[in-house]
Amino acid sequence: MNAPAHLGVLRLAAPLGVAVLLLAAWQAAVMLWEVPFYIVPAPTRILATLWDDRALLAASLGVTASVALAALALAVVAGVLTAFVFAQSRIIEASLLPYAILLQVTPIVAIAPLIIIWVKDTRTALVLCAAVVAIFPIISSTSLGLRSVDPGLADLFRMSRASRLQVLLRLRIPSALPYFFAGLRVASGLALIGAVVAEFVAGTGGQGAGLAYQILMAGIELNIPRLFAALVVITSAGVALYAAVGLLARLALGGWHDSEVTEVR
Amino acid sequence: MDAARPVVAVSGAGKTYDNGTRALAAVTLDVARGEFVVLLGPSGCGKTTLLRMTAGLLPPTDGAVRWWGAPAPPDDDDHRLAMVFQSPTLMPWARVQANVRLPLDLARVERRTADARAAEALAGVGLAQDQERYPRELSGGMQMRVSIARALAVRPALLLMDEPFAALDEFTRHRLDDDLLALWQRQALTVLFVTHGIQEAVYLATRVIVMAAQPGRVIADVPIDLPHPRAPAVRGTPAFAAHCAHLSSLVAAASAGPA
């Protein structure tokens, strides 16, 4: 009882301690060597910028986060459907998997300009780009999961004359869930990265300006504290998304799957 | 009419895999209602292959398997087959009760009947208190009991068991052997049980089918005339020792020959 609780505190306290140390060293170095803020701003200055630019950054975060979330949703729906199709037969999977891999290994910066040209609505284009980045882990882990069925249970279902639908709903889908969530964790981070990269390529400003645009503009204007502030916001958004997916996985698998069971027996 | 027919009749059934491996040479075997037949043999003798054939999971490449005279297991409540595997093979995402109810749910048995039968089966293996737990919260022996309860929940006319207790420690295995014998007597089960343990075979069986490897085949059919109910003390009797020695020599003689 005591040991795991102690471990939990440590797992939170230890990285926080490292963060405090690094930030303190950073602050000290900037002050000691009098580094100008337009090269490397001190952590306190970034914090102040975060507060001063809060309206701007929040609005941009809203834009980027909504693109990332929409892309993640699209990737989940399309990825899971593709995985189901793959699971139907080895021939389908063998014929289509190379194209999924092709999509995976093509850098998004290389195809983003095309998508942005082809798709009129900029936001839709951004969502598509980010979804292309995020979809592969969903497809690969879900289709692996749909195949990773305990052979004994498969025999049991056969002996019970289970229908295809029963096998799917009662055996394949529950077996695939832990794999799906592992894929979703990776995909959530990729969706945010994809959204940011697509924004960079699209360079959309004005009302629909996301965090990538703020970084781009801050870089051009040499507003380095704002650049750092926007970076902090993006990273925090990524961590929050990852944590949210983790929470979702825990809610879905908490009772039974080893990866989500925290108590030590 | 069922009483006269063998529950399962294997006639000249063999299995050769596509790559030419002969897993099982022609085997003939009848299991009558109420028997406790044990398939005994070393690894690779095809006993699991034979068991899977009688489960209808593996079609023989030659010969035939018949259930109550029919070429396929009849799909009705009085002729259910149930299988217990080497590992508990429980659904980790489902509670004990749902695991036991699974074959009934798949057969679309009405919910209330299924719940009652699951509860009865769990009580039969001494797990009435553990319905709401998840498999991972149970010990290996308890998981195996859940697996047996799942098999019993369909009230099987033929219970197939593939080395079900091989992975358990000896104390747990002996206890489960006793519980299984009690269930067999109380519920008038027909059991086909695979093992590589000679003592376990003698302790459980009314009849032991001795098998040998390369190719897998039946070399002897030995009735075990020790009286039922059997208690652990029977393991110390000269008759028990004589049966073990006899089976042991049969297995040894088959393995010593040119392979």
Partner chain Cβ atoms within 10 Å, averaged over the residues of A:164-170 - can you pull that number for me? 2
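So for region A:101-170, considering every pair of alpha-carbon atoms, how many percent are separated by more than 21 Å?
On the way: 1212 of 2415 pairs.
The calculated P(r) of region A:101-170 puts 50 percent of pairs beyond 21 Å.
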Once the mean 1/r over all distinct Cα pairs of the protein assembly as shown is inverted, what Kirkwood radius in angstroms do you read off? 27.9
Using +1 on the beta carbon of Lys and Arg, -1 on that of Asp and Glu, and nothing else charged, what's the dipole of region B:110-153 about the Cα centre, debye to 20? 100
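So, counting K/R as plus one and D/E as minus one, what does the shell of residues with Cβ under 11 Å around A:Ala87 add up to?
Values: positive: A:Arg90, A:Arg147, A:Arg172; negative: A:Glu93.
Neighbour charge sum, excluding A:Ala87 itself: +2.
How big is D, in µm² s⁻¹, for region A:185-239 by Stokes-Einstein at 25 °C and 0.890 mPa s if Rh is the Kirkwood radius over C-alpha pairs? Present the calculation step by step, with values, prior to reporting the outcome.
Numbers: Rh = 11.5 Å.
In µm²/s, the coefficient is 214.
How much length is gained on full extension from B:Asp77 to B:Glu110, taking 0.36 nm per residue of separation minus their Cα-Cα distance? Don't skip to the answer; put the middle values down first.
Numbers: separation 33, 0.36 × 33 = 11.88 nm, distance 1.26 nm.
That pair, B:Asp77 and B:Glu110, stretches by 10.6 nm at full extension.
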Angle between the Cα long axis of helix A:90-105 and the longest principal axis of chain A, 0 to 90 degrees, nearest 10? 10
Cα lying deepest toward the dipole's positive end in region B:93-183, options B:Leu168, B:Ile148, B:Leu104, charges on Cβ: B:Leu104
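So what is the diffusion coefficient of chain B in µm² per second by Stokes-Einstein at 4 °C and 1.567 mPa s, using a Kirkwood Rh over Cα pairs?
Working: Rh = 18.9 Å.
Reported coefficient: 68 µm²/s.
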When the convex hull of the C-alpha atoms of chain A is computed, what volume per residue in Å³ does it have? 162
Please give the average number of partner chain Cβ atoms lying within 10 Å of the Cβ of each residue in A:145-153, rounded to a whole number. 3
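Ranked from highest to lowest mean number of other Cβ atoms within 10 Å per residue, what is the order of the peptides A:230-239, A:10-19? If you can, show how the numbers build up before the last one.
Details: A:230-239: 17.8, A:10-19: 10.1.
The packing order, highest mean first, is A:230-239, A:10-19.
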Quick check for you: which residues of region A:55-79 have the amide N under 20 Å from the point 7 Å beyond the Cα of A:Ser236 toward its beta carbon? A:55-69
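What is the Å³ per residue value for the convex hull set by the Cα atoms of region B:66-114? Let's see the in-between values first.
Details: hull volume 4.6 nm³, N = 49.
In region B:66-114, the Cα hull volume divided by residue count equals 95 Å³.
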Checked against the positive end of the charge dipole of region B:1-77 (+1 on Cβ of Lys and Arg, -1 on Cβ of Asp and Glu, about the Cα centre), the farthest of B:Phe36, B:Gly12, B:Pro74 is B:Gly12
Please report, in debye to the nearest 20, how large the charge dipole of the protein assembly as shown is about its Cα centre when each Lys and Arg carries +1 at its beta carbon and each Asp and Glu carries -1 there. 440
Coil-residue GluC sites (Glu not before Pro) of region B:127-230, DSSP, other Cβ within 10 Å capped at 12: B:Glu132
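Under the definition of partner shielding as Cβ atoms of other protein chains within 10 Å of a residue Cβ, what is the mean value for peptide B:102-108? Could the numbers behind the result be given before it?
Working: counts 8, 6, 1, 4, 11, 3, 2.
Per residue, the average neighbour count from other chains is 5.
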For region A:28-181, the Cα convex hull volume per residue in Å³ comes to 196
As I understand it, the dipole of the protein assembly as shown uses +1 on the Cβ of Lys and Arg and -1 on the Cβ of Asp and Glu, about the Cα centre. Which of A:Ile215, A:Trp33, A:Ile108 lies farthest toward its positive end? A:Ile108
If each part is reduced to its alpha-carbon centroid, region B:169-199 and region A:121-183 end up apart, in Å, by 39
Counting pairwise Cα distances across region B:28-75, what percent come out greater than 17 angstrom? 38
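Computed FRET efficiency, Cβ-Cβ of A:Val9 and A:Met31, R0 30 Å: what is it to the nearest 0.05?
Details: r = 32 Å, r/R0 = 1.06.
Computed FRET efficiency for A:Val9 and A:Met31 comes out at 0.40.
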Rh (Kirkwood, all Cα-Cα pairs) for region A:127-218, Å, reads 15.5
Measuring from its Cα centre, region A:63-161 shows a charge dipole (+1 at each Lys and Arg Cβ, -1 at each Asp and Glu Cβ) which, in debye to the nearest 20, is 120
Once the piece of chain linking A:Arg90 and A:Phe200 is laid out straight, how much longer is it, given 0.36 nm per residue of separation minus the C-alpha distance between them? 35.7 nm
Can you compute the modelled spin-label distance between A:Thr124 and B:Ala26, with each label point 7 Å from Cα toward Cβ, in nm? 7.1
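Since every read-out is calculated from the coordinates, none of them should be taken as a lab result. The shown structure was predicted, so the numbers you read here are calculated from the model rather than taken from an experiment. Counting neighbours? That spans all protein chains shown, and the Cβs are built from the backbone with ideal geometry, glycine included.
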